[in-house]
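This report concerns only the one structure given below.
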Amino acid sequence: MLFPPTATSDARRLVAARALRGFADGLVSVLLASHLAAMGLSAAQVGAVVTATLLGSAALTLAVGLGGQRLPERSVLLAASLLMFATGLAFAGVSAFPLLLLVAFVGTLNPSGGDVSVFLPTEQSLLAANVDAADRTSLLARYNVAGTLLAALGALATGAPVLVAPEDAAQPRTFLLYGAVAIGIGALYLGLRSGRSVRATDAGRGRLVEARSAVLRLTALFSLDSFGGGFVVDSLLALWLFRRFDLSLETVGAVFFGARLLSAFSQLVSARLAARIGLVRTMVYTHLPSNLFLIAAAFMPTASSAIGMLLARMALSQMDVPARQSYVIAVTPPAERAAAVSVTNVPRSLASALPPIAAGALLEASDFGWPLVIGGALKITYDLLLLAQFRRVVPKEEC
């Protein structure tokens, strides 16, 4: 993958770490629902476990955002890698529902298609310091593409362990692989040369002051988007496909492989589109039609037509991600960026945590895609509000 000319070696390491984490997340996000259902958990209980993972991620990210400003970011990332390793070991050996909830809450498991984890704000703040402003969106696009492409391979590899071992033995081994990947990620972090993106040299640095109003308004809007996204995290979409169309694990894994490939390559287009029409318009004009496809999928009568709508959705749904990340950084002074990234990500994680319980209950009551309809409608509302509030707030590089 070609990097922007101003990207440093640290930026390349962070992208490589994101790729490895994407593979691990793709592997378990599709497997999680099948694994839990095979242990006898109901759809509502599966939703509860997914909610626990998102709540725990939000709590941990909040702790890092509030208390991690004085710590070297490399140390934070290494600690997160260690926690990821422990999460894989625990999920491979735990079967009791209360213990699963506990491990899901304190661990790093990511049941969504995006990167909802403690790694995200820490890595992004370092990325912004390791590339020139003109190349920032391009680097963030490559960061996201690397994660999405490897997540696609992880989803495709979901069925591979079943080919060499019985399913009840293969699934725990997959969680062991998830933990093993954390070792490689930690090795990449060890090689980082810079310990922090921005050093707080006085009490005022690192806190939101100048960008406070804009960041808080963006946070509220991003939270609405994530609340809608919580109804359609990958693990629950997989569960819907299992229940509605009786698809196999291997088939669903292949579907998510294709979806993530489309998502990955579309993000490379995002940087070019943003250079032409601006970051806010790129976010809205790609995100809104993707949510119409999501709603349409719920009404499709066959597996092939529903999958077609979901693939069309994924071809557009992630194009807003590098634009959104770059926009938050662009409207924030350098000394406030780490705080801004944390503040915009923590509420997003919290907002996405509660809907999986409701989505699981809806799927328990009916195999119709009510979670897709509700999630899509909420995300469309976000698109319209974002355009109305921020179309005139233009970053300096777009002036």
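The values are calculated or read from the model by the stated rules, or taken from the named source; none is laboratory data. All values derive from a computational prediction rather than experimental measurement. When we count neighbours, we look across all protein chains shown, and the Cβ atoms used for this are built from the backbone with ideal geometry, even at glycine.
One table, with the values for the structure above:
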{"item": "Yes/no for LEU77 being closer than 16 Å to PRO111 by Cβ and buried (at least 22 other Cβ atoms within 10 Å of the Cβ)", "result": "no"}
{"item": "Residues within region 348-385 that are farther than 27 Å from ARG243 by Cβ, within 18 Å of the chain's Cα centre (by Cα) and surrounded by fewer than 22 Cβ atoms within 10 Å (Cβ to Cβ), tallied", "result": "1"}
{"item": "Single unsatisfied condition, GLU397 versus (1) at pLDDT below 95; (2) buried (at least 17 other Cβ atoms within 10 Å of the Cβ); (3) not in a loop (DSSP other than H, G, I, E, B)", "result": "(2)"}
{"item": "Candidate set: region 259-278, residues that are of a type in the set (A, V, I, L, M) and either touching a strand residue (DSSP E or B) at 6+ places or on another chain (Cβ under 6 Å) or under 30 Å from LEU363 (Cα atoms) (or both); chosen: the one surrounded by the most Cβ atoms within 10 Å (Cβ to Cβ)", "result": "ALA259"}
{"item": "Residue within region 159-169 that is outside any loop (DSSP other than H, G, I, E, B), at pLDDT 85 or above and in contact with a Gly (Cβ under 7 Å, 6 or more places away or on another chain) present", "result": "no"}
{"item": "Hits in region 321-346 (condition: among the small types (Gly, Ala, Ser) and either buried (at least 24 other Cβ atoms within 10 Å of the Cβ) or within 18 Å of ASN144 (Cα to Cα) (or both))", "result": "ALA323, SER326, ALA330, ALA338, ALA339, ALA340, SER342"}
{"item": "Residues satisfying the stated conditions in region 213-257, i.e. outside any helix (DSSP H, G or I) and closer than 22 Å to LEU288 by Cα", "result": "VAL233"}
{"item": "Of all residues in region 226-252 being acidic (Asp, Glu) and surrounded by fewer than 24 Cβ atoms within 10 Å (Cβ to Cβ), the one that is farthest from VAL28 (Cα to Cα)", "result": "ASP246"}
{"item": "All positions within region 271-299 that are in a helix (DSSP H, G or I), touching an Asp or Glu at 6+ places or on another chain (Cβ under 8 Å) and closer than 26 Å to ARG18 by Cβ", "result": "LEU279, THR282, MET283, VAL284, THR286, HIS287, ASN291"}
{"item": "Subset of region 307-340 [among the small types (Gly, Ala, Ser) and in contact (Cβ under 8 Å) with a residue 12 or more places away in the chain]", "result": "ALA312, ALA315, SER317, ALA323, SER326, ALA330, ALA335, ALA338, ALA339, ALA340"}
{"item": "Selection count where residues are over 17 Å from GLY228 (Cα atoms) and either in contact with a Leu (Cβ under 8 Å, 6 or more places away or on another chain) or not aliphatic (A, V, I, L, M) (or both), scope region 286-306", "result": "7"}
{"item": "Residue in region 279-299 that is farthest from TYR327 (Cα to Cα), counting only those that are buried (at least 18 other Cβ atoms within 10 Å of the Cβ) and over 21 Å from the mean Cα position of the chain (by Cα)", "result": "ALA298"}
{"item": "Odd one out for PHE23, checked against (1) surrounded by 18 or more Cβ atoms within 10 Å (Cβ to Cβ); (2) under 25 Å from LEU139 (Cα atoms); (3) modelled with pLDDT under 85", "result": "(3)"}
{"item": "Test: residue in region 326-343 that is in contact with a Leu (Cβ under 8 Å, 6 or more places away or on another chain) and basic (Lys, Arg)", "result": "no"}
{"item": "Some residue of region 302-317 being under 21 Å from ALA254 (Cα atoms), of a type in the set (D, E, K, R) and buried (at least 20 other Cβ atoms within 10 Å of the Cβ)", "result": "yes"}
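Residues checked against (1) of a type in the set (Gly, Ala, Ser); (2) in contact with an Asp or Glu (Cβ under 8 Å, 6 or more places away or on another chain); (3) closer than 29 Å to ALA211 by Cβ; (4) without any contact (Cβ under 8 Å) to a residue 12 or more places away in the chain:
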| position | (1), (2), (3), (4) |
| --- | --- |
| SER366 | yes, no, no, yes |
| VAL373 | no, no, no, no |
| LYS379 | no, yes, yes, no |
| LEU387 | no, no, yes, no |
| PHE390 | no, no, yes, no |
| VAL393 | no, no, yes, no |
| LYS396 | no, no, yes, no |
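So that you can scan it fast, the table gives a plain yes or no per residue for (1) more than 20 Å from the chain's Cα centre (by Cα); (2) β-branched (Val, Ile, Thr):
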| residue | (1), (2) |
| --- | --- |
| LEU208 | yes, no |
| VAL215 | no, yes |
| THR219 | no, yes |
| SER223 | no, no |
| PHE227 | no, no |
| LEU241 | yes, no |
| LEU247 | yes, no |
| GLY258 | no, no |
| VAL269 | no, yes |
